[in-house]
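Below is one structure; the comments refer to it alone.
The values are calculated or read from the model by the stated rules, or taken from the named source; none is laboratory data. Nothing here was measured: the structure is a model prediction, and the numbers come from that model. Because the Cβ atoms are built from the backbone with ideal geometry, glycine has one as well, and the counts that use them run over all protein chains shown.
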Amino acid sequence: MNPLTVTSTWRSLGRLREAGIAGVVVLLIVIFGSLNPLFLDRDNLSSIVVSVGILMILAIGQMLVIITRNIDLSVGSVLGLSAMVMGMVGRELPEMPTYLLILIAMLVGALAGAVNGILVAVARVPSIIATLGTLAIFRGLTFLVSNNVQVDPEDVADEMQDLASSGPLGIPWLVIFAAIVVVLAWWFTTRTMSGKRLYAIGSNPEAAEMRGLNVLGMTFGVFVLMGALAGLGGAMYVARFATVNPADAGLGFELAVISAVVIGGTNIFGGSGTVIGTVLGTMLVGILSNGLTVVGVSGFWQRFASGAIILIAIIADSFVRKRIERRQSNQTMARVR
Amino acid sequence: MILLECQQVSKWYGTAKVLDEVDLTIEAGEIHAILGENGAGKSTLVKIIAGLVSPDRGQVFFDGIQSRAGSVAAAQSLGIALIHQEPRLFPDLTVMENIWIDQKLRESGGRRFRLSKMGDRTEELLSRLGSLVSPNARVAFLSVADQQMVDIAAALRRDLKLLIVDEPTASLTPSEVTNLFRVMRGLRDQGVAIIFIGHRLEEILEISDRITVLRDGKLVRTLNQSETNEDELIRLMIGRDIDTAVESASPQLGETLLSVSHLSDEAHFSDISLELRRGEILGLGGLVGSGRSEFLETVFGARSRTQGQVMLNGKEIFSIHEAISGGMGLVPEDRGRNGLILLSSVLNNISAPNLEITSWHGVRRPFKEIRNADEIVSRLRIKVADVRQLAGELSGGNQQRVSLGKWLVRDLDVILVDEPTRGVDIGSKMEIHALLRKFADSGKAVLMVSSDMRELLSVPDRILVMREGRLNGEIPSSGASEESVMRLATGVAA
């Protein structure tokens, strides 16, 4: 069989999946819009854009982690910790410029990510265990550093709060940051050798070691990057809500983030995934959660729906994958000498 | 020109001496086979040659320089490449990406390296190997043979001086083997030295220029291919003469044990009928991919069928459970994956499928399990220090015996075996054949799938040949020749 057709089938499958997610996004907008016209209201749409933006920053990081055949469950706690530290610094030093505050949040996140990276890459703890541990540790640290006192809106400078509502051409800075992250990640994964090596590591870790790829360094790096992005997400969280409560800042975020990545077609076992898919997956998750609230679905059913949609996405994906693979293997089988 | 020289190389693992003062030279532009039974020290020697392991005594010179232990990557930059039986590639990446993924900045002269621009160079490398694979094909969809070519192409990217191929033909079809050998000869003629490790003597005699035989860590002799023959190589390998032909005393066939009628599945085989009688060994020949393994697994109840019937001792079989309790066992092709639990002890491997026999109303009886395992170990002459040893620590031949032995705890009537001696050394091979024969002679029956032509022609009483999922003919083993089997397997008319 001609290998070229194999590649193009595979590529077009990728596109088919992306078109499918895009179709579901449009369908959801139509359904929610017709159930409650308020969904299409300007205020609600901008609220969706802002919450999708925060989710997107984290989902891009998570996608890179999952491509290397790892996972980071601690993202919500890292977001909470960095938001808390930044909020407290802003409260104590109100004169500090906004960009420095954001850098502080990213630094706190990167440090937390480095802890994950050392556990996974150096100590070789399976990432699902390591980050399950740090999920609790970082949440605990958030309580400790804050003394269980929350950061209130009057503690957050107006310049910081403006990031979520205004910016050049009326586009909020938060959205611009998310767009920059997306573009850089797209460039990194499709145009650089290091990006390709990330896929190689996840595709076959043993072979990656054998070929002399720096598996340890790249795995560590991807967790640090994830941490820094969770820190940026924390800063944006403060900009948006102007409140940081140690008990619920970023709580349960890992579920939404991982759903977005997996719905976007990233293979949970590593080796494949695209930025475009992740962007679409994030939009789907963000619109679904906002839309369910707007049309008045109760909190319980919202969780039910987001869980169900992950399962549907994974089942549909593996179904299509299996069918394609079976077809390929039958064709190879028929090719007897 | 001497490319590599081992001088008095010795290596101990613990107190076991695995290599004993080995002197070996490899010339540029030769194909040098290293031959030996499992445990003779081949893989350790190869690791020392590649610089992955350093010898405890003696020296290794590569290209005139004493080589040091390092990584595979370090060996690659010296021009040494290892090709494994199962290529170590990245299934999610394309052929081109697999070849260039470890390109270092300094190798491209410090200039920015664009992976996407390597299409022409990739085509060029692949065409040197006569491979028609597209640089943009995803590796997951390639056959093992094509993947090996990609692996070799990745090695050719650099200045390749020494290629080490470790049992590369084990999962290839005959025509793929022919192609691999053509590529190996081409590389040799370009001055590359090739070390070939394998078990199939006829292949080794076909491809090698020189052959080195190892036994118990010692180099027995290095011979020129033209001056030796199979009998001599076998003698040197095992240190004594053995009769390679299994005597098949014309068996006393009894009643029918297993009868399969019109069995089909959705994709791999269709409309297969056969009968297996007491005292019989029935061989199932054909090309790799002709559906034999799938057929065997379906008979055992491990795969779903679309039509047909499997009767064992007059009872119909639908599931693995019914097959086992009816007296049928399957020894699968891939013992590491389906046949054994490598990380568990020999004892557990033998006990696990037989717990309802050895236990008392659901309570395990450890001493009985040990007695059973000990009995199997001594009956099959499995080389273990203790039945508590991990199965994964045994050599291939001994693992295969455990995989077979776990069924002998039960009083089975039929054993289905899939490639019973793949990756097993010659001594063990003979013993496994004798075991199967003894089993059949005791009034039981064996259905054996084999791609090893010699095994297929010598062991069974009767040979059925499958082609593209259908039975294409039957040959009594007395009238069978390699040619007659291949005719039926490939569908070439006489």
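Output the number of the condition that B:Ser395 fails; it satisfies all remaining conditions of (1) of a type in the set (Ser, Thr, Tyr); (2) surrounded by fewer than 19 Cβ atoms within 10 Å (Cβ to Cβ); (3) assigned by TED's automatic domain parsing to the domain that holds B:Glu255.
(3)
Suppose the filter is in a loop (DSSP other than H, G, I, E, B), surrounded by fewer than 22 Cβ atoms within 10 Å (Cβ to Cβ) and on the phi < 0 side of the Ramachandran plot; does A:Asn267 pass it?
On the way: in a loop (DSSP other than H, G, I, E, B): yes; surrounded by fewer than 22 Cβ atoms within 10 Å (Cβ to Cβ): yes; on the phi < 0 side of the Ramachandran plot: yes.
So A:Asn267 passes the test.
Across region B:315-360, what is the total count of residues that are assigned to a loop (DSSP other than H, G, I, E, B), among the acidic types (Asp, Glu) and touching a residue at least 12 places away in the same chain (Cβ under 8 Å)?
Initially, region B:315-360 is screened for residues assigned to a loop (DSSP other than H, G, I, E, B), giving B:317-319, B:327, B:332-334, B:340-344, B:359.
The next check asks that each one be among the acidic types (Asp, Glu); those that pass are B:333-334.
Cutting the leftovers down to touching a residue at least 12 places away in the same chain (Cβ under 8 Å) gives us B:333.
Residues that pass the stated criteria total 1.
Here's a check for you: in region B:113-136, which residue that is within 22 Å of A:Phe188 (Cβ to Cβ), in a loop (DSSP other than H, G, I, E, B) and free of Cβ contacts under 8 Å to residues at least 40 places away in the same chain is nearest to the other protein chains (Cβ to nearest Cβ)?
Top of the filtered list is B:Phe113.
Would you point out the residue of region A:257-278, among those that are within 11 Å of chain B (Cβ to nearest Cβ) and not polar (S, T, N, Q), that is nearest to A:Val181 (Cα to Cα)? Spell out the reasoning first.
The initial filter retains those residues of region A:257-278 that are within 11 Å of chain B (Cβ to nearest Cβ), namely A:267, A:269-273.
Narrowing further to those that are not polar (S, T, N, Q): A:269-271, A:273.
On the way: A:Phe269: 24, A:Gly270: 21, A:Gly271: 21, A:Gly273: 16 Å.
Out of the qualifying residues, it is A:Gly273.
Can you go through A:Ala121, A:Ala208 and tell me which one is in a helix (DSSP H, G or I) and more than 14 Å from chain B (Cβ to nearest Cβ)?
On the way: A:Ala208 fails: more than 14 Å from chain B (Cβ to nearest Cβ).
Only one candidate qualifies: A:Ala121.
Step by step: first the residues of region A:176-200, then only those that are farther than 20 Å from A:Leu216 by Cβ, of a type outside the set (Ser, Thr, Tyr) and surrounded by fewer than 20 Cβ atoms within 10 Å (Cβ to Cβ), then the one that is farthest from the chain's Cα centre (by Cα). Which residue is that? Spell out how you get there, then give the answer.
To start, the set of residues in region A:176-200 that are farther than 20 Å from A:Leu216 by Cβ comprises A:176-187, A:189-191.
Imposing the further condition that a residue be of a type outside the set (Ser, Thr, Tyr) reduces the set to A:176-187, A:191.
Filter once more, so that each one left must be surrounded by fewer than 20 Cβ atoms within 10 Å (Cβ to Cβ): A:176, A:179-180, A:183-184, A:186-187, A:191.
Details: A:Ile176: 16, A:Ala179: 13, A:Ile180: 14, A:Val183: 14, A:Leu184: 14, A:Trp186: 14, A:Trp187: 17, A:Arg191: 21 Å.
Filtering region A:176-200 for residues that are farther than 20 Å from A:Leu216 by Cβ, of a type outside the set (Ser, Thr, Tyr) and surrounded by fewer than 20 Cβ atoms within 10 Å (Cβ to Cβ), the one farthest from the chain's Cα centre (by Cα) comes out as A:Arg191.
Going by what's in this entry, would B:Asn136 be described as of a type in the set (S, T, N, Q) and modelled with pLDDT of 80 or more?
Here the answer is yes, as B:Asn136 does meet what is asked.
From the list B:Gly109, B:Gly29, B:Gly51, pick out the single residue that is farther than 21 Å from B:Thr122 by Cβ, at pLDDT below 80 and assigned by TED's automatic domain parsing to the domain that holds B:Ala145.
Values: B:Gly109 fails: farther than 21 Å from B:Thr122 by Cβ; B:Gly29 fails: at pLDDT below 80.
Only one candidate passes the filter, namely B:Gly51.
If A:Gly291 meets every condition in (1) crowded, with 22+ Cβ neighbours inside 10 Å; (2) away from every other protein chain (no Cβ under 14 Å); (3) under 19 Å from the mean Cα position of the chain (by Cα) apart from one, which number is that one?
A:Gly291 satisfies every listed condition except (3).
Can you tell which of B:Lys368, B:Lys315 is under 29 Å from B:Arg277 (Cα atoms) and basic (Lys, Arg)? Working first, answer last.
On the way: B:Lys368 fails: under 29 Å from B:Arg277 (Cα atoms).
Answer to the check: B:Lys315.
Which one of B:Asp20, B:Asp56 is surrounded by fewer than 22 Cβ atoms within 10 Å (Cβ to Cβ), farther than 30 Å from A:Thr192 by Cβ, over 28 Å from the mean Cα position of the chain (by Cα) and touching a residue at least 40 places away in the same chain (Cβ under 8 Å)?
Values: B:Asp20 fails: over 28 Å from the mean Cα position of the chain (by Cα).
Step by step, each of B:Asp20, B:Asp56 is checked, and only B:Asp56 is surrounded by fewer than 22 Cβ atoms within 10 Å (Cβ to Cβ), farther than 30 Å from A:Thr192 by Cβ, over 28 Å from the mean Cα position of the chain (by Cα) and touching a residue at least 40 places away in the same chain (Cβ under 8 Å).
Against the condition of a type in the set (Val, Ile, Thr), in contact with a helix residue (DSSP H, G or I) (Cβ under 9 Å, 6 or more places away or on another chain) and within 14 Å of chain B (Cβ to nearest Cβ), how does A:Val215 come out, does it pass? It would help to see each step written out before you state the result.
On the way: of a type in the set (Val, Ile, Thr): yes; in contact with a helix residue (DSSP H, G or I) (Cβ under 9 Å, 6 or more places away or on another chain): yes; within 14 Å of chain B (Cβ to nearest Cβ): yes.
Yes, satisfied.
Kindly indicate the residue of region B:270-290 that is within 14 Å of chain A (Cβ to nearest Cβ) and buried (at least 24 other Cβ atoms within 10 Å of the Cβ) and also farthest from B:Ala445 (Cα to Cα) among those meeting that condition. It would help to see each step written out before you state the result.
Initially, region B:270-290 is screened for residues within 14 Å of chain A (Cβ to nearest Cβ), giving B:270, B:285-290.
Pick out the ones that are also buried (at least 24 other Cβ atoms within 10 Å of the Cβ) and you get B:285-286, B:290.
Details: B:Gly285: 17, B:Gly286: 21, B:Ser290: 23 Å.
This residue is B:Ser290.
Here is a list of conditions, (1) in contact (Cβ under 8 Å) with a residue 60 or more places away in the chain; (2) surrounded by fewer than 17 Cβ atoms within 10 Å (Cβ to Cβ); (3) under 26 Å from A:Asn44 (Cβ atoms); (4) in contact with a Pro (Cβ under 7 Å, 6 or more places away or on another chain), and A:Asn148 meets all of them except one; can you say which number that is?
Failing condition for A:Asn148: (3).
Do you know which residues across region B:409-437 are assigned to a loop (DSSP other than H, G, I, E, B) and buried (at least 22 other Cβ atoms within 10 Å of the Cβ)?
Filtering region B:409-437 down to residues assigned to a loop (DSSP other than H, G, I, E, B) leaves B:409-413, B:419-425.
Selection gives B:Glu419, B:Pro420, B:Thr421, B:Val424.
Regarding region B:159-179, can at least one residue be identified that is farther than 17 Å from B:Gly423 by Cβ, assigned to a strand (DSSP E or B) and within 14 Å of chain A (Cβ to nearest Cβ)?
Yes: region B:159-179 contains one or more residues that are farther than 17 Å from B:Gly423 by Cβ, assigned to a strand (DSSP E or B) and within 14 Å of chain A (Cβ to nearest Cβ).
Scanning region A:226-261 for residues that are under 10 Å from the mean Cα position of the chain (by Cα) and more than 26 Å from A:Ile118 (Cβ to Cβ), which turns out surrounded by the most Cβ atoms within 10 Å (Cβ to Cβ)?
Across region A:226-261, the extreme among qualifying residues is A:Ala260.
Residues checked against (1) closer than 30 Å to B:Leu464 by Cα; (2) at pLDDT 85 or above:
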position	(1), (2)
B:Leu187	no, yes
B:Ile195	no, yes
B:Arg200	yes, no
B:Glu203	yes, yes
B:Arg221	no, yes
B:Arg235	no, no
B:Gly239	no, no
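Looking at region B:385-408 only, could you name the residues that are in a helix (DSSP H, G or I) and either over 24 Å from the mean Cα position of the chain (by Cα) or more than 18 Å from B:Met430 (Cα to Cα) (or both)? Step through it out loud before you land on a result.
Going residue by residue through region B:385-408, those that are in a helix (DSSP H, G or I) are B:391-393, B:396-408.
Scanning region B:385-408 gives B:Ala391, B:Gly392, B:Glu393, B:Lys406, B:Trp407, B:Leu408.
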